[in-house]
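Beneath this line is the structure, given in structure tokens, with notes to follow.
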Amino acid sequence: MSSRSLRVLRGLSLLAAVFALGLVMFGAFVRLSNAGLSCPDWPTCYGQVTWPQHAQAVAHADAAYPDRPYEAHKAWREQVHRFLAGTLGVLVLVLALLASWRSRGARAAVLAGAALAVAGVSLYIQGEHRWSSLLAACAIALPLLTAIRLKSPGAWKISVLVLAVIIFQAMLGMWTVTLLLKPLVVMGHLLGGMATFALLAYAALRFAGVGAADDRMADLRRLVVLGLVLLFGQIALGGWTSANYAALACGYGPAAFPQCQGQWLPPTDFHQGFVLWRSIGVSYEGGVLDMAARSAIQIVHRLGALVLFCYLGWLAFKASRRGLHGYGLAIALALVCQVLLGISNVVFGLPLLVATAHNGGAAVLLFTLLATLARTQQRHDGTMFLSQGRR
């Protein structure tokens with residue numbers, strides 16, 4: 001592989017990572033503006049590639065879906081989100097092809113996975129849901145197995161792996177609509193978006209040569225990995241809070257933080273609040289839980305934030321003590337901003353701009369940990385692979 005090819009991989013992975021970050025934030029904007037079911041079908045919107053815009057098309061849409069009246073100011077948001085997701089899918093496909101190009105078998109598997117994904121969507125539109133699901137499963141398995149077997153450094157493997165993740169993410173997007181905002185699916189869709197961004201960002205960092213000259217930071221690396229696990233857990237709690245419309249379960253204003261409903265121990269129902277799988281065929285738009293269950297979710301999210309704040313604050317200090325001053329400072333700043341955004345959501349009644357920024361803040365905090373993780377690893381992706389022969 002030439003240095004030019006490495007530069008292309010570096011640039012493309014960076015572009016895809018930035019695009020994924022924007023998509024995560026736009027997806028949060030769609031969800032938080034209650035536009036997640038504004039297109040009742042998938043991947044079309046009221047049967048159209050874009051969305052109904054003329055009076056005749058709107059009348060036809062309302063007649064076809066009488067239980068879901070057309071709302072133009074919401075429908076465009078959902079469908080544009082799908083277009084952006086499709087664009088990211090194309091970027092990831094090109095990245096996976098470039099990363100696997102040296103192996104004919106791997107290249108063929110990536111192309112076959114993409115073709116199966118497209119065929120699966122086509123069959124879904126025709127109502128062949130079982131065959132569509134089978135093709136989607138094969139489309140996910142092919143790049144996943146290819147990434148595992150690829151004889152290349154980690155960044156190349158990740159570039160192929162992310163194709164499997166984004167195909168599964170498309171399935172979650174479909175289930176979000178067809179299962180009527182089922183909380184477990186909505187939370188999984190958020191985690192899938194964050195995972196896509198994380199994989200692309202980490203690949204870009206490694207392609208850029210971020211790393212250490214030796215492997216003397218293994219102890220710090222383990223601490224960063226634990227921080228990533230805790231952060232993903234907290235993001236999952238945030239997704240569960242949002243999916244169950246529990247962000248304002250403690251009310252809003254000064255009495256809602258740090259207390260909940262003006263109390264330190266409000267009525268809670270932790271059992272109902274964390275039932276992961278509920279009935280199919282029920283619309284979960286607006287939430288179905290009572291206030292006690294929602295309060296339990298909100299309190300657990302706050303406790304998780306406290307644990308994460310303490311750990312990442314200590315980790316930032318630890319990284320600075322090990323000579324990674326810039327990385328430690330970045331973690332600390334991102335952490336403080338994210339906590340302030342979370343508090344602002346409660347105090348000011350979940351403003352759309354602040355709530356969307358809170359999702360973006362989680363992604364930025366995630367990136368600071370990924371950059372620190374890359375910095376604690378030995379620099380080898382790229383430079384060592386350049387001198388290797390054709391696989």
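The values are calculated or read from the model by the stated rules, or taken from the named source; none is laboratory data. The structure presented is a predicted model; accordingly, all values stated were derived computationally and were not measured. For neighbour counting, all protein chains shown are included, and Cβ atoms are generated from backbone atoms with ideal geometry for every residue, glycine included.
For the stretch 108-130, does any single residue satisfy the condition of being modelled with pLDDT under 95 and over 14 Å from residue 42 (Cα atoms)? Yes.
What do you reckon, is residue 175 within 18 Å of residue 45 (Cα to Cα) and either part of a helix (DSSP H, G or I) or β-branched (Val, Ile, Thr) (or both)? In short, yes. If the condition is being under 22 Å from residue 346 (Cα atoms) and either touching a helix residue (DSSP H, G or I) at 6+ places or on another chain (Cβ under 8 Å) or modelled with pLDDT under 90 (or both), then the stretch 259-283 contributes 260, 261, 262, 266, 267, 268, 269, 270, 273, 274. Here 304, 313, 281, 326 are screened, and the one residue that is out of contact with any strand residue (DSSP E or B) (no Cβ under 6 Å at 6 or more places or on another chain), outside the structural domain of residue 38 (by TED's automatic domain parsing) and either crowded, with 21+ Cβ neighbours inside 10 Å or in a loop (DSSP other than H, G, I, E, B) (or both) is 281.
Restricting attention to the stretch 57-69, the residues being out of contact with any strand residue (DSSP E or B) (no Cβ under 9 Å at 6 or more places or on another chain) and buried (at least 16 other Cβ atoms within 10 Å of the Cβ) number 3. Taking every residue in the stretch 187-215 that is under 19 Å from residue 324 (Cα atoms) and at pLDDT below 95 and pairing it with any residue that is assigned to a helix (DSSP H, G or I) and basic (Lys, Arg), at least 6 positions away or on another chain, the pairs with Cβ-Cβ distances below 7 Å are 208/10; 210/375; 211/375; 212/375.
What's the number of the only condition in (1) crowded, with 16+ Cβ neighbours inside 10 Å; (2) touching a residue at least 40 places away in the same chain (Cβ under 8 Å) that residue 253 fails to meet? It fails just one condition, (1).
Let me spell it out: the conditions are (1) buried (at least 20 other Cβ atoms within 10 Å of the Cβ); (2) at negative phi; (3) touching a residue at least 60 places away in the same chain (Cβ under 8 Å), and residue 151 meets all of them except one. Which number is the exception? Status for residue 151: all satisfied but (1). Somewhere in the stretch 99-114, is a residue surrounded by fewer than 20 Cβ atoms within 10 Å (Cβ to Cβ), assigned to a helix (DSSP H, G or I) and touching a residue at least 60 places away in the same chain (Cβ under 8 Å)? No. Considering (1) modelled with pLDDT of 95 or more; (2) of a type outside the set (S, T, N, Q); (3) crowded, with 16+ Cβ neighbours inside 10 Å, the lone condition that residue 18 does not fulfil carries the number (3).
Of the listed requirements (1) outside any helix (DSSP H, G or I); (2) out of contact with any Phe, Trp or Tyr (no Cβ under 8 Å at 6 or more places or on another chain); (3) surrounded by 22 or more Cβ atoms within 10 Å (Cβ to Cβ), residue 258 misses just one: (3). Can you name the condition, by its number, that residue 158 falls short on among (1) in contact (Cβ under 8 Å) with a residue 60 or more places away in the chain; (2) closer than 20 Å to residue 94 by Cβ? Result: residue 158 fails condition (1) only. If you go through the stretch 107-120 and keep only what is within 26 Å of the chain's Cα centre (by Cα) and aliphatic (A, V, I, L, M), you end up with 109, 110, 111, 112, 114, 115, 116, 117, 118, 119. The single condition among (1) at pLDDT 95 or above; (2) among the hydrophobic types (A, V, I, L, M, F, W, C); (3) part of a loop (DSSP other than H, G, I, E, B) that residue 181 does not satisfy is (1). Remark: residue 211 matches the filter, which requires a residue to be over 20 Å from residue 304 (Cβ atoms), surrounded by fewer than 24 Cβ atoms within 10 Å (Cβ to Cβ) and touching a strand residue (DSSP E or B) at 6+ places or on another chain (Cβ under 7 Å).
Taking the stretch 330-359 as the range and being hydroxyl-bearing (Ser, Thr, Tyr) and under 22 Å from the mean Cα position of the chain (by Cα) as the test, only 356 passes.
Taking the stretch 25-72 as the range and being part of a loop (DSSP other than H, G, I, E, B) and of a type in the set (A, V, I, L, M, F, W, C) as the test, the residues that pass are 35, 37, 39, 42, 49, 51.
Here the condition is being closer than 19 Å to residue 182 by Cβ, part of a helix (DSSP H, G or I) and of a type in the set (A, V, I, L, M); of 297, 331, it holds for 297 alone. For the stretch 294-301, does any single residue satisfy the condition of being closer than 28 Å to residue 20 by Cα and either small (Gly, Ala, Ser) or exposed (fewer than 15 other Cβ atoms within 10 Å of the Cβ) (or both)? Checked against the condition, which is being closer than 28 Å to residue 20 by Cα and either small (Gly, Ala, Ser) or exposed (fewer than 15 other Cβ atoms within 10 Å of the Cβ) (or both), the stretch 294-301 yields no hits at all.
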